[in-house]
Structures are given as structure tokens and as C-alpha cells.
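Q: Questions regarding the structure given below will be posed in turn.
The values are calculated or read from the model by the stated rules, or taken from the named source; none is laboratory data. This structure is a prediction, so every number in the text was calculated from the model and none was measured. FYI the Cβ positions are ideal-geometry reconstructions off the backbone, even for glycines, and counts take in every protein chain you see.
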Amino acid sequence: MKLLNTIYQLLSGSPVRPGVTDLNARLLNTWVLHQSIEYLHPQCIWQLGEGHILQGSYKGYDFYKWYTQQLDARYATWTEAIESVISSEIGGIIVGEYQFQKEIDGLWQTAPFTHFYRIENDQITSVRMYMGAISSHLDAGNQLIEIASIQFFLSAN
């Protein structure tokens, strides 16, 4: 069966690269844990979509460090809660939620995100970062209470 699959891929013109999806998954999982420039191509292209505080296109492996420094300066606390890492032959997708506070002991704000990664020769060559709508909460935990519902109950009295 493997031989037939290899012959089909050769005839169809698809490159035979066994295990590349697994390698990309390992690279993305390692990136999530360490976020070191060794995983980035020196000319890595970063595209931050609408909603990001630094929306636009950037180039270079040192961008992510600069970006996180900007977030540290703007927010008292922030983190990325990763929900899924999905790999493919050309890269992968990371899905999760940003969680941040503008002030210590302030309201928590959250926003879903999706990051698309292009991987070539075991390096991340481009990243597209998209962010969803921001919502405010009292707590950053799993049992988030939305402020809109509290305001509704307060105004009902």
C-alpha cells in the first residue's frame, strides 16, 4: 500500500516528504513553549490583522521580541492561552485566546486569536496573526463572568 501511495505521489507531481507534518507540529509546539529566534527565519514576515495594537506588516526574526515588549509596556498582565496547534505540510495554525489586564486588579479582557504559520526548511518564514472581538470579564479563569450581564442585573433593580 505504501508503494502504491508513493507511485501515485510521483505520478501526480506531489513531493514525497514523509513526516513533514509531524516535524512542523514539533516546531510549532516548541515555538509555543520557548518562542526563541532560532525557530524563525531572519527575514520572517509578520502580518498583524485588524484589532491588534500594532496592526500592519513587519519583517525580521527580532519582531516578536519587540512585539511582546510593547504588550508588556501596555498591559499590566497578558498571556496567550493556547487551545489548539494544527500542523500541515506547509506550516500550521495556532488557535487560542489572549487574556490581558490594562491595570493590576483591573478587569480582565479576552479576545480569541488565530495565527497562521508558514514553515520552510525547519524555520518559520511568515506569520499572520488575527484577533477577534475583545470582551471584558471579572476573572481570567475558566468561569468568566461577562460585565454586560452584571450591568443588566444591576440596572434591573
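Q: Among the residues of region 127-150 satisfying the criterion of being in a loop (DSSP other than H, G, I, E, B) and either more than 20 Å from the chain's Cα centre (by Cα) or on the phi > 0 side of the Ramachandran plot (or both), which is modelled with the lowest pLDDT?
A: Ile145
Q: For region 81-101, check the following and say yes or no: at least one residue is closer than 18 Å to Met131 by Cβ, of a type in the set (A, V, I, L, M, F, W, C), in contact with a Lys or Arg (Cβ under 7 Å, 6 or more places away or on another chain) and in contact (Cβ under 8 Å) with a residue 24 or more places away in the chain.
A: There is no residue in region 81-101 that is closer than 18 Å to Met131 by Cβ, of a type in the set (A, V, I, L, M, F, W, C), in contact with a Lys or Arg (Cβ under 7 Å, 6 or more places away or on another chain) and in contact (Cβ under 8 Å) with a residue 24 or more places away in the chain.
Q: Could you check region 23-67 and list, in sequence order, the residues that are without any contact (Cβ under 8 Å) to a residue 40 or more places away in the chain and at positive phi?
A: Gln35, Gly56, Gly60
Condition check ((1) of a type outside the set (Gly, Ala, Ser); (2) over 15 Å from Ile53 (Cβ atoms); (3) in contact with a helix residue (DSSP H, G or I) (Cβ under 7 Å, 6 or more places away or on another chain)) across all residues:
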residue: Tyr75; (1), (2), (3): yes, no, no
residue: Thr79; (1), (2), (3): yes, yes, no
residue: Gly92; (1), (2), (3): no, yes, yes
residue: Trp108; (1), (2), (3): yes, yes, no
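Q: So, in region 58-77, how many residues would count as being β-branched (Val, Ile, Thr) and either loosely packed, with under 12 Cβ neighbours inside 10 Å or closer than 21 Å to Arg128 by Cβ (or both)?
A: Step one: of region 58-77, the residues β-branched (Val, Ile, Thr) are 68, 77.
If we keep only those that are either loosely packed, with under 12 Cβ neighbours inside 10 Å or closer than 21 Å to Arg128 by Cβ (or both) as well, we get 68.
Counting residues in region 58-77 that are β-branched (Val, Ile, Thr) and either loosely packed, with under 12 Cβ neighbours inside 10 Å or closer than 21 Å to Arg128 by Cβ (or both) gives 1.
Q: Only strands (runs of 3 or more DSSP E) wholly contained in region 47-103 count here; list those with 3 or more residues that are under 14 Å from the mean Cα position of the chain (by Cα).
A: 77-87, 91-101
Q: Give the residues of region 104-124 that are surrounded by 13 or more Cβ atoms within 10 Å (Cβ to Cβ), in a strand (DSSP E or B) and more than 13 Å from the chain's Cα centre (by Cα), sorted by residue number.
A: Trp108, Gln109, Thr110, Ile119, Gln123
Q: Mind checking which residues of region 36-51 are under 16 Å from Ser126 (Cβ atoms) and either surrounded by 12 or more Cβ atoms within 10 Å (Cβ to Cβ) or touching a Cys at 6+ places or on another chain (Cβ under 8 Å) (or both)?
A: Residues satisfying the conditions are Ile37, Tyr39, Leu40, His41, Cys44, Ile45, Trp46, Gln47, Leu48, Gly49.
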